[in-house]
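**Student:** Questions regarding the structure given below will be posed in turn.
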Amino acid sequence: MWSSLITPTFLFLSFFSVELAPNPESATDENDSYPPFWDQINGDIAEFPVQNDKTIIDPSKYIDRLRMYKILIEKSNKYFAGLGNNKTDNVLWTLTIFYGKLYEGDRLSDPSNSSVCAYDAETPGCVSINSGWGGINFYVIVLYFLAAIESEFLKDLPYQVELVSQEEYRSDFCYSIAECRASYPQAMDTVNRFFKYLMSREVTYIIKDVPYYNIDEDTVILYMWEAHQVGIDIATSKFSDVSFYSSETERDFSLDFLVTVEFLEAALYRPYFEIGTELLEGFPHRLLTDQDRIVLTSNFNIREKAFMTSVKLISKTNKLTGGAFFTIWNKVMNLKPARSLARFLTNRLLLIPIS
């Protein structure tokens, strides 16, 4: 019994020994790890424009989605002081860093015309309504933000929040609490649970005027990842068509990556700033072309090639086993010692260089 469980567990970790190993040719500056334009926003709802006594948020603007992320981080930071440095140990960091990666890699641009919503290092750009990555990210951040309002985690807002809708593919999105709850009630309940858990925590002690809450690390990470996954599940069913991506290769990579994320979620992967930065260092810096399906070009570094190879291998293995690979992995990760071992080894493997 144990051998049948442990073998795929260490097989998975052996994949990650390649995927997560840092590129010896690069050194990441912490300031470079923040999403583009992060230091130009405050994380305050007052940064959004107000019209007719409503706070207007436009999800088609990169900077508006970024503000939503920063508001959630700023409002929740106080709960994570007991986990370490509450400026970097917020469980929403990896999702936020990943959003910046999507923008930098032109994955939020229009697949049919990459010059539309293309990455601009000087001026915040847009998120194309035709981008598959943009659609997936929409359901992650919008469900989080609307649930934060509905649960009253974000309370005492000066005005009602209104999301600007786009007519193209209008039926593929929901733009209000009422719409999202009507279409995806269970998903909204799942995301609400994350915020309600935070609000239920109590201050156990105070050090130098900093309150420390009785947060259970595994519980809050579990709720965070489950909230993330319900958004992914909704979006992948809508945006798996190749027309939403720059190429079939890019589409396949995105779906393989999301499968790999499920393995990380099952292990309650620590989604903090430094760990998320390390994990995503290998995320490909540009869109994949169909030529990349045959051979990855030299403009991908070692870390990126390892990352893409591992993601594909994990997803392919899971598919060939009819999902049994993930089923066994998930069962193993239900055991706390197994989760601890998996995270311990994964974090150590971050330090192994590729020769």
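The values are calculated or read from the model by the stated rules, or taken from the named source; none is laboratory data. Treat the numbers as computed from the prediction; the structure is a model and nothing was measured. Cβ atoms come from the backbone with ideal geometry, glycine included; neighbour counts cover every protein chain shown.
**Student:** Determine which single condition S246 fails, assuming it passes every other condition in (1) more than 30 Å from D292 (Cβ to Cβ); (2) more than 18 Å from the chain's Cα centre (by Cα); (3) touching a residue at least 40 places away in the same chain (Cβ under 8 Å).
**Tutor:** Looking at each condition in turn, S246 falls short on (1).
**Student:** Within the range 283-307, work out how many residues are surrounded by 19 or more Cβ atoms within 10 Å (Cβ to Cβ) and modelled with pLDDT under 90. Don't jump to the end; show me each part of the working.
**Tutor:** Residues of the range 283-307 surrounded by 19 or more Cβ atoms within 10 Å (Cβ to Cβ): 283-284, 287-288, 303, 306-307.
Next cut, modelled with pLDDT under 90 only: 303, 306-307.
Result for the range 283-307: 3.
**Student:** Something else: Given the conditions (1) in contact with an Asp or Glu (Cβ under 8 Å, 6 or more places away or on another chain); (2) over 18 Å from D233 (Cα atoms), which single one is not true for G132?
**Tutor:** Only one criterion in (1) in contact with an Asp or Glu (Cβ under 8 Å, 6 or more places away or on another chain); (2) over 18 Å from D233 (Cα atoms) is unmet by G132, namely (2).
**Student:** From the residues in the range 147-200 that are among the hydroxyl-bearing types (S, T, Y) and surrounded by 18 or more Cβ atoms within 10 Å (Cβ to Cβ), which one is farthest from I129 (Cα to Cα)?
**Tutor:** The first filter runs over the range 147-200 and keeps only residues among the hydroxyl-bearing types (S, T, Y), leaving 151, 159, 165, 169, 171, 175-176, 183-184, 190, 197, 200.
After this cut, where a residue has to be surrounded by 18 or more Cβ atoms within 10 Å (Cβ to Cβ) as well, the list is 151, 175, 184, 190, 197.
On the way: S151: 28, Y175: 13, Y184: 20, T190: 26, Y197: 33 Å.
In this case the residue turns out to be Y197.
**Student:** Here is a follow-up. Which one of E226, E179 is out of contact with any Lys or Arg (no Cβ under 8 Å at 6 or more places or on another chain), at pLDDT 95 or above and under 30 Å from K155 (Cα atoms)? Don't jump to the end; show me each part of the working.
**Tutor:** On the way: E226 fails: out of contact with any Lys or Arg (no Cβ under 8 Å at 6 or more places or on another chain).
Unique residue meeting the criteria: E179.
**Student:** For the range 105-130, what are the residues that are on the phi > 0 side of the Ramachandran plot and more than 20 Å from the chain's Cα centre (by Cα)? Show your work before the answer.
**Tutor:** In the first step, residues of the range 105-130 are kept if they are on the phi > 0 side of the Ramachandran plot; the result is 106, 117.
Result: C117, single match.
**Student:** Against the condition in contact (Cβ under 8 Å) with a residue 24 or more places away in the chain, among the acidic types (D, E) and either in contact with a Lys or Arg (Cβ under 6 Å, 6 or more places away or on another chain) or at positive phi (or both), how does D256 come out, does it pass? Quick ask: steps written out before the conclusion?
**Tutor:** On the way: in contact (Cβ under 8 Å) with a residue 24 or more places away in the chain: yes; among the acidic types (D, E): yes; either in contact with a Lys or Arg (Cβ under 6 Å, 6 or more places away or on another chain) or at positive phi (or both): yes.
Answer is yes for this residue.
**Student:** Let me ask you something else. In the range 229-260, what residues are at pLDDT below 95 and more than 24 Å from S171 (Cα to Cα)?
**Tutor:** Residue satisfying the conditions is T260 alone.
**Student:** OK, next. From (1) touching a Phe, Trp or Tyr at 6+ places or on another chain (Cβ under 6 Å); (2) under 28 Å from L143 (Cβ atoms); (3) surrounded by fewer than 18 Cβ atoms within 10 Å (Cβ to Cβ), pick out the condition that doesn't hold for T236.
**Tutor:** With respect to (1) touching a Phe, Trp or Tyr at 6+ places or on another chain (Cβ under 6 Å); (2) under 28 Å from L143 (Cβ atoms); (3) surrounded by fewer than 18 Cβ atoms within 10 Å (Cβ to Cβ), T236 is out only on (1).
**Student:** A further question on this structure: When you scan the range 164-182, how many residues do you find that are of a type outside the set (F, W, Y), within 18 Å of V127 (Cβ to Cβ) and not in a helix (DSSP H, G or I)?
**Tutor:** 6
**Student:** While we're looking at this one, here's another question. Scanning for something more than 23 Å from Y144 (Cα to Cα), modelled with pLDDT of 95 or more and small (G, A, S), does the range 93-108 turn up at least one residue? Write out each step before concluding.
**Tutor:** Keep residues of the range 93-108 that are more than 23 Å from Y144 (Cα to Cα), which gives 105-106.
Now restrict to residues that are modelled with pLDDT of 95 or more: 105-106.
Restricting the remaining residues to those that are small (G, A, S) gives 105.
Yes: the range 93-108 contains one or more residues that are more than 23 Å from Y144 (Cα to Cα), modelled with pLDDT of 95 or more and small (G, A, S).
**Student:** Are there any pairs with C-beta distances below 9 angstrom linking a residue in the range 162-189 that is touching a residue at least 12 places away in the same chain (Cβ under 8 Å) to a residue that is of a type in the set (S, T, N, Q) and outside any loop (DSSP other than H, G, I, E, B), with the two at least 6 apart or on different chains, and if so which?
**Tutor:** E162/Q51; E162/T55; C174/S183
**Student:** Please list, ordered by first then second residue, the pairs with beta carbon atoms under 8 Å, 6 or more apart or interchain, first in the range 95-124 and free of Cβ contacts under 8 Å to residues at least 12 places away in the same chain and farther than 15 Å from F138 by Cα, second surrounded by 16 or more Cβ atoms within 10 Å (Cβ to Cβ) and of a type outside the set (K, R).
**Tutor:** As it stands, the answer is S115/S109, since those pairs meet every condition given.
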